[in-house]
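The values are calculated or read from the model by the stated rules, or taken from the named source; none is laboratory data. Keep in mind that this is a model prediction, so the values were computed, not measured. Quick reminder, even Gly has a Cβ in these numbers, built from the backbone with ideal geometry, and neighbours come from all protein chains shown.
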Amino acid sequence: MRRLPNSSEKWAAERWREWHVDLITASRRSTKYYRASQVQGALSTMTHKWWKNATGYQIWPASFKDSNADGWGDIPGIISKLDHLKDLGVDLIWISPVYASPQHDFGYDVANYEAIDERYGSLEDVDNLIRESNKRGMKVIMDLVINHTSSQHAWFTESKKSQQNKYSDWYIWRNPKYDAHGTRRPPNNWANASQFGGGSAWEYVPERDQYYFHLCVREQPDLNWYNAEMRQAVYESAVEFWLKRGIAGFRVDIVGFYWKDPSFPDNDSGEELQPMEAKYIMNGPLVHVWLKEIRQKITESFGHDIVLIGELPMTSRDECLRYVSPESQELDMTLEMDVFLVGEDPNSTNCDRERMALPVIKDCIQKSQSLIDDGGWTTAFLENHDYGRSVSRFGPGDGPHRDAAAKMMALLVGTLSGTMFVYQGEEIGMTSPTHWKQHDWRDPADVRRMRELEEAGDFVSLEKWLHNARLWGRDNARTPVQWSAAQHAGFSDAEPWIRVNENYVEVNAADQVGRLGSVMEFWKGIIRLRKQHPEVLMHGRFSLLDRENEKIFTFLKSSRADERQQMKVVCNFSDDEVDLPTPYDLQQQIWELEPSTSPGGDPARLRPWEGRLYRLVA
């Protein structure tokens, strides 16, 4: 059969020379910005933009609060709990996706950037949320999901109709390959990540006799960022539309993946399906060109106070700096995921507590903190919507030390420099569920894999998958917020869309409000202390001590303007009572104990999962 010419490939070939020049130029610019930021050092950290001193709070709307008894969290439910956030000390609310979506990836498959999914509410509800948050001195940011759209987005439904219409090059299309037997094959041998099925990264569309590329699931076709008309449409629909409604900025989803090598070569192994290699899909120099383009448009229309927070998984420190140096004018801060990957094996199918070595966790945190030393900015967080609860992932989980560990985690993250984010439920010490069966899981990736193993009769692997899912599965972070000991944890009057953690009777917000020694009250105290000592706790220099200690995490925080302002943090990551490390016995200077997660103990010994903060006074 005679096929139409591949307009995408022809277009790419004609512009390859132009792109190559852009690649070289962008690379040189990035190097220049990086070196300039090194020279400037910490000077830029003293320029206190509003977002540098903010305390952020991430909301996963489906599980936050249901207002209309349909079992699904919604925007009016968020509004009903704004006073809870204000009382906690929150200044900045990050709302995970609420856009119109078929929910193949929990809202990260956007069908319309300018509409709200009806299960969450309406545009008027979002306007009300922004207004009510601003009344309480809190700003709102939203997720910016523009690496891909839903396959149900109007742009894609038009793009797949023809190779010759306005939208034909708005997505990544390539011609099939044919083997020696004339069998149609995908354009290359790339497979998407195992959490998205692990199958081919290409999906065939008969109408065009072509394949489209999808980094994630097949219902999430990737946008073609080389197309300037598409970039302008994305800006108008996904960025400008919401800034005009009064949000303060965006958390930018998987920002380093906008660029793909346009030649789409086979992976070197030559196997039929192989995981995508980072060099072909991540952090290409043109990403910096495109981000500068977005930043310039934002600045011209909305000024310099709009914040852009970029998710940069698996990105080196030097590459992160190219995004967040003051000279780059791209992102304001990074969300680095390194600490969440500790314990996972390379193919993301296993996660063992035994591999979660504390020195490796220290390295991940040190990497993120060091960005500030060279003029960049970062975030401080231990939980988000994609990974298990910190008390269960890095701590003992449910048991006698649960609350101690929850407070120790609060002390740790609350003393790190950068913009701190609390994830919903973290402030009360929520944990990952421990006794879920196969039917309790809702994450499509886990559900699909467990069904495959069950159908294959591989019950040994199925039990292993369940074990791993209890440690790192995304559903662990998406159980309903435990507001009270009432039915369904006070989240809803109806059966929730996902099971409530069974410990809600003893772990809930109503029980902790105003109760001395509770996890929530400790969090409030840490946030207050953070705001009382911003030059040390928000902007201070991080110095890791005793890196090889496998039980104790010790670091020093010092003001960049006055080295006499110092605080020392000591955290016991074990079930054992341990001696305070000898090199840091605090005897040679006068240190005052600020908060301890377990007050009243032996000054020379740390209780299990105890954290202490000392302030230098002389």
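Would you confirm, using the coordinates I've provided, whether PRO346 is more than 26 Å from MET276 (Cα to Cα) and modelled with pLDDT under 95? Full working, then the answer.
Values: more than 26 Å from MET276 (Cα to Cα): no; modelled with pLDDT under 95: yes.
No: the conditions fail for PRO346.
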Selection over the stretch 152-175 where residues are assigned to a strand (DSSP E or B) and surrounded by 21 or more Cβ atoms within 10 Å (Cβ to Cβ) yields a count of 2
Quick check on the stretch 60-73. Is at least one of its residues in contact (Cβ under 8 Å) with a residue 24 or more places away in the chain, of a type in the set (S, T, N, Q) and in contact with a strand residue (DSSP E or B) (Cβ under 6 Å, 6 or more places away or on another chain)? no
Among LEU466, LEU471, which is at negative phi and either surrounded by 23 or more Cβ atoms within 10 Å (Cβ to Cβ) or more than 20 Å from the chain's Cα centre (by Cα) (or both)? LEU466
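Of all the residues that make up the stretch 397-416, how many are out of contact with any strand residue (DSSP E or B) (no Cβ under 6 Å at 6 or more places or on another chain) and either at pLDDT 95 or above or closer than 26 Å to LEU331 by Cα (or both)?
Qualifying residue count, the stretch 397-416: 11.
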Subset of the stretch 220-237 (residues that are within 15 Å of VAL110 (Cα to Cα) and either crowded, with 20+ Cβ neighbours inside 10 Å or under 19 Å from the mean Cα position of the chain (by Cα) (or both)): GLN220, PRO221, ASP222, LEU223, VAL234
If you go through the stretch 257-276 one residue at a time, do you hit one that is in contact (Cβ under 8 Å) with a residue 24 or more places away in the chain, charged (D, E, K, R) and within 25 Å of PHE381 (Cα to Cα)? no
Give the number of residues within the stretch 421-457 that are assigned to a helix (DSSP H, G or I) and either touching a Phe, Trp or Tyr at 6+ places or on another chain (Cβ under 7 Å) or on the phi > 0 side of the Ramachandran plot (or both). 6
Test each condition in (1) more than 24 Å from LEU273 (Cβ to Cβ); (2) assigned to a loop (DSSP other than H, G, I, E, B) for GLY182 and report the one that comes out false. (1)
Residue selected from the stretch 302-319 under the condition surrounded by fewer than 13 Cβ atoms within 10 Å (Cβ to Cβ) and small (Gly, Ala, Ser), by the criterion modelled with the highest pLDDT: GLY303
I need the full set of residues from the stretch 75-88 which are within 13 Å of MET520 (Cα to Cα) and crowded, with 19+ Cβ neighbours inside 10 Å, in order please. LEU85
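One line per residue, one yes/no per condition, for (1) of a type in the set (Lys, Arg); (2) closer than 21 Å to VAL360 by Cα; (3) modelled with pLDDT of 95 or more:
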site	(1), (2), (3)
ALA510	no, no, yes
VAL513	no, no, yes
GLU521	no, no, yes
GLY525	no, no, yes
PHE542	no, yes, yes
LEU586	no, no, no
PRO595	no, no, no
PRO599	no, no, no
